[in-house]
């Protein structure tokens, strides 16, 4: 079976926000298609459940009350243009700074 390769719209280090829910975050990993459990997918309300055949993003996420790891479909993400930094405690473990509005992964900083 041949699967269609999808190019991710967002890149590691980009700050994004959720289309429907009040949280934002920085992308630290990308799956070309859904790669979580069926139980997780079915826990999403059917009226907002995303298609599996699209990129899914791992985010260091935050809302007004907490920080956490989120797994979000491409269709549910929008660019965050607030310019505000992400306050997730793991940001400094993965990223070494910000260049041109995007977080730069620590491994990319080594020359």
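Numbers for the structure displayed
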| quantity | calculated |
| --- | --- |
| From 23, 28, 56, residue being modelled with pLDDT of 95 or more, crowded, with 17+ Cβ neighbours inside 10 Å and more than 10 Å from the chain's Cα centre (by Cα) | 23 |
| Candidate set: segment 31-41, residues that are out of contact with any strand residue (DSSP E or B) (no Cβ under 8 Å at 6 or more places or on another chain) and part of a loop (DSSP other than H, G, I, E, B); chosen: the one surrounded by the most Cβ atoms within 10 Å (Cβ to Cβ) | 32 |
| Residues of segment 55-111 that turn out to be in a loop (DSSP other than H, G, I, E, B) and over 16 Å from residue 8 (Cα atoms), as a count | 19 |
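The values are calculated or read from the model by the stated rules, or taken from the named source; none is laboratory data. All values derive from a computational prediction rather than experimental measurement. A quick note on method: Cβ atoms are made from the backbone with ideal geometry, for glycine too, and the neighbour counts reach across all protein chains shown.
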